[in-house]
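Following: one structure in structure tokens, then a few remarks.
Values in this text are rule-based calculations from the coordinates and carry no lab data. Note that the structure is a prediction, hence the values are computed from the model and not measured. Note: ideal-geometry Cβ built from the backbone for every residue, glycine included; neighbour counts use all protein chains shown.
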């Protein structure tokens, strides 16, 4: 786990592919517990530490995850995610190039829990939910194309199933049609960037995740003018109150 930002109310980390954000039926140790350990050690807090899960990303996906450090921040973050006030960008590597260099995709997604898989249709279906995203192709290498995705809705496996539906399954994503797995079991989808108004201080928060260093395909396809990743420089403290005499 890599910390990208931390203050009194929130902590933002870079999740490794393969980690689960929150405990599930597998019994594997979740990222939320790693975050709690880091907070406990960093701030020398004995006992339990509050870590609120405001959102999740799929297990084989890497990148930005936001946790709340207070119940007030968690309640507000939940509302912000629900109301579309948190803006996220993802990067995906694909073997195929989309028909258009930039477009908005709209599908209707149904999910089958039995096989934990989503299905996209061009037309409405019973129990299907509308799914929309915008994408643009931002880079290329000899073998792969780099696509930046902005989510407009939040559906299960949305980016994976929508890119697959237009003939561009994500590198390593066998479930949605890619032909070859990644050696580490990941898929080449990165929660790259997040922007929102801080739930308590109302300051603008903008964090960028680093490219995975375990696969050189990312760096090979990335544009030369790509924004640098956020570097953690320590816990951000609230501004000090001043008096009239200062």
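A few remarks follow.
- Spin-label pair residue 235/residue 85, simplified geometry with 7 Å Cα→Cβ offset, distance in nm: 2.5
- Where [x] 24.2, 80; [y] 17.8, 55; [z] 19.0, 69 are the candidate values, the label of the one calculated here for Rg and Dmax of the Cα atoms in Å is [z].
- Calculated FRET efficiency for the pair residue 195/residue 41, C-beta based, R₀ 30 Å, to 0.05: 0.55
- Estimated from helices alone, the mean residue ellipticity of the chain at 222 nm is -4500 deg cm²/dmol (sum of -39500 (n - 2.57) over DSSP H runs with n ≥ 4, per residue).
- Mean Cα-pair separation over length for the chain, i.e. relative contact order, pairs under 8 Å, 6 or more apart, %: 21
- Each label was represented as a point 7 Å from its Cα along the Cα-to-Cβ direction; for residue 49 and residue 152 these points are 4.0 nm apart.
- Shape index of segment 20-160: Rg/Rh, with Rg the Cα radius of gyration and Rh the Kirkwood radius from the inverse mean 1/r over Cα pairs, equals 1.02.
- Cβ crowding within 10 Å ranks 59, 69, 143 as 143, 59, 69, fewest other Cβ atoms first.
- Taking the chain as a Gaussian network of alpha-carbon nodes connected by springs under 10 Å, the highest mean-square fluctuation of the residues 135, 90, 119 belongs to 119.
- Cα gyration tensor shape of segment 5-49, rounded if a/c is under 1.5, else prolate or oblate by comparing a/b with b/c: oblate
- Separation of the residue 227 and residue 126 label points, Cα + 7 Å toward Cβ, nm: 4.5
- Separation of alpha-carbon centers, segment 1-45 and segment 137-172, rounded to whole Å: 26
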